[in-house]
Amino acid sequence: MELDVAIIGGGPAGAATALALLNQKNWRIGIFEMSTQPIFRIGESLPPSNQFLLAKLGVLDSFKQEGHLPSLGNASAWGGDTLAFNDFWTSMGGQGWHLDRSRFDTWLLGEAAKRGATVMGGRQVVGCSPTTNGEWNLRVKDQQGNQTQVNASIVVDASGSRSIFSHWQGSSPIPMDNLLGLASVFSLDGTEALKTHYTLIEAVEFGWWYAARLPKNRVIITLMCDRDLVQKYQLSSRENWTTALEQTHHVQRLLKGLIHPIKLQIFPAFSQYLDQTSGKNWLAVGDAACKFDPLSSSGIYKALSSGIQAADTIKNFKDGQDNAFVLYHQQTQHHFEKYLEERRQYYSQEFRWPLSPFWQRRQGYLTLSPTTILSFQSSPQVTTRLKRLNQYFSNKDLYLLCQLCQLSKPASEVVREFLRQTNRKLSAYRPIEALQYLKDKQVIQAV
């Protein structure tokens with residue numbers, strides 16, 4: 001098979017990339033989706049801002065015929081016990097939706113197929129190699145284990161947070177936290193429980209809860225909490241999760257109208273970015289490029305917008321812009337840095353638990369003073385410990401921070417030199433956060 005663009009992954013980002021490309025011209029596009037059955041995914045609410053992107057992809061009218069439940073906004077107890085309402089009707093677009101997420105993903109992929117993309121379900125890309133003319137040869141395996149060869153001019157990695165193809169090219173995912181989601185889906189019994197079309201959010205000492213309506217008279221309730229705190233309070237136990245839910249002020253009221261709980265589902269929800277989101281004739285989109293905190297309610301928006309941006313990048317490259325993929329990487333990194341700052345500002349609005357590790361980790365709580373003298377002494381043990389670290393920055397950047405501490409410098413000077421050498425548009429907070437991380441892991445020392 002010969003393709004202009006091979007897309008690895010059939011989620012919203014992969015499907016949006018295909019749709020945006022096919023809006024330009026009749027590209028030969030293949031989408032390789034490993035699964036053949038709907039997958040449980042978080043992201044049940046679609047804010048009004050997504051209407052513009054769906055319209056740009058040419059699928060808004062079709063989406064409105066899908067019959068998803070309306071969402072009028074968010075009701076949140078954040079920074080206090082009283083619910084505050086953010087109504088969608090005050091924004092452009094006016095209405096959001098509570099999604100059946102699996103059905104949404106299947107529908108969007110189907111729209112790409114209708115437009116002309118070749119969707120290959122049950123097909124897994126298991127290997128790749130560059131060809132002599134700068135294209136890609138992909139090895140594709142079906143569910144029976146049979147392998148075929150596919151040649152593609154450009155590869156789009158839409159494989160989610162696994163970033164399969166990007167990993168083969170030497171890219172590494174950099175997690176910013178260890179957030180987990182613990183979700184359960186309930187059936188409504190016909191009472192007034194959550195008949196309102198608002199998404200409910202409630203902060204607690206060790207994380208936050210949210211509840212949202214789902215189609216077919218169901219509701220999803222999810223706890224967001226860090227992995228170590230889940231283990232500490234044994235919240236992966238259905239009994240302990242329910243006990244924690246019953247101690248909330250607002251979400252627990254929903255239990256009176258809920259029946260037939262389905263099993264507790266646990267999924268990663270941490271923020272993450274890829275240290276290299278593009279290369280020669282390839283790029284990553286959606287969660288393969290970076291993941292946002294579910295609190296942002298922008299996972300699907302990011303997937304759709306990155307697909308559109310990827311399609312524009314591919315067109316620009318084909319039109320002769322040699323640095324198109326480099327610019328794509330820089331723009332993706334800039335968007336992630338902007339997101340981190342917005343996340344920190346929003347989490348800082350919750351001040352009821354100043355000693356809580358969960359909130360300290362997200363509010364910019366730092367104990368490292370700019371005048372603290374930092375020292376790094378290399379040894380086999382320290383080097384081994386450093387190689388295992390991958391949070392906040394790539395291992396390469398963490399090693400550079402350590403090298404800058406070899407001459408025992410103040411933290412402020414280390415940060416200034418790091419920003420100069422890396423020449424990236426970063427907030428100074430980012431290397432300070434990483435230095436504290438290295439200090440806490442006993443890789444560098446305060447003198």
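Summary of values
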| quantity | calculated |
| --- | --- |
| Sole exception among (1) touching a residue at least 24 places away in the same chain (Cβ under 8 Å); (2) within 30 Å of ASN86 (Cβ to Cβ); (3) out of contact with any Lys or Arg (no Cβ under 7 Å at 6 or more places or on another chain); (4) assigned by TED's automatic domain parsing to the domain that holds TRP78 for SER236, by number | (2) |
| First in region 363-374 and surrounded by 15 or more Cβ atoms within 10 Å (Cβ to Cβ) and of a type in the set (Ser, Thr, Tyr), second anywhere and at pLDDT 95 or above and assigned to a loop (DSSP other than H, G, I, E, B), Cβ under 7 Å, 6 or more apart | none |
| The lone exception for ASP87 - which of (1) more than 26 Å from ILE164 (Cα to Cα); (2) surrounded by fewer than 23 Cβ atoms within 10 Å (Cβ to Cβ); (3) modelled with pLDDT of 85 or more it fails | (3) |
| Cross-chain or 6+ apart pairs with Cβ under 6 Å, region 266-288 first and farther than 25 Å from PHE358 by Cβ, then among the acidic types (Asp, Glu) | ALA284/ASP157; ALA288/ASP157 |
| Residue list for region 3-18, restricted to those being within 21 Å of the chain's Cα centre (by Cα) and either under 11 Å from ALA311 (Cα atoms) or part of a helix (DSSP H, G or I) (or both) | PRO12, ALA13, GLY14, ALA15, ALA16, THR17, ALA18 |
| Of residues in region 152-172 being of a type in the set (Ser, Thr, Tyr) and within 17 Å of the chain's Cα centre (by Cα), the one farthest from LEU274 (Cα to Cα) | SER159 |
| Residue in region 405-417 that is in contact with a Phe, Trp or Tyr (Cβ under 6 Å, 6 or more places away or on another chain), buried (at least 16 other Cβ atoms within 10 Å of the Cβ) and farther than 22 Å from LEU340 by Cα present | yes |
| Residues located in region 217-237, provided they are at pLDDT below 90 and not in a loop (DSSP other than H, G, I, E, B) | ARG218, VAL219, ILE220 |
| Matching residues in region 313-334 - criterion: being at pLDDT 95 or above and within 17 Å of PRO175 (Cα to Cα) | THR332 |
| Those residues of region 21-49 which are crowded, with 21+ Cβ neighbours inside 10 Å, under 23 Å from ASN86 (Cβ atoms) and modelled with pLDDT of 85 or more, in sequence order | LEU46, PRO47 |
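The values are calculated or read from the model by the stated rules, or taken from the named source; none is laboratory data. The model shown is predicted, which means the values in this text are computed figures rather than measured ones. A quick note on method: Cβ atoms are made from the backbone with ideal geometry, for glycine too, and the neighbour counts reach across all protein chains shown.
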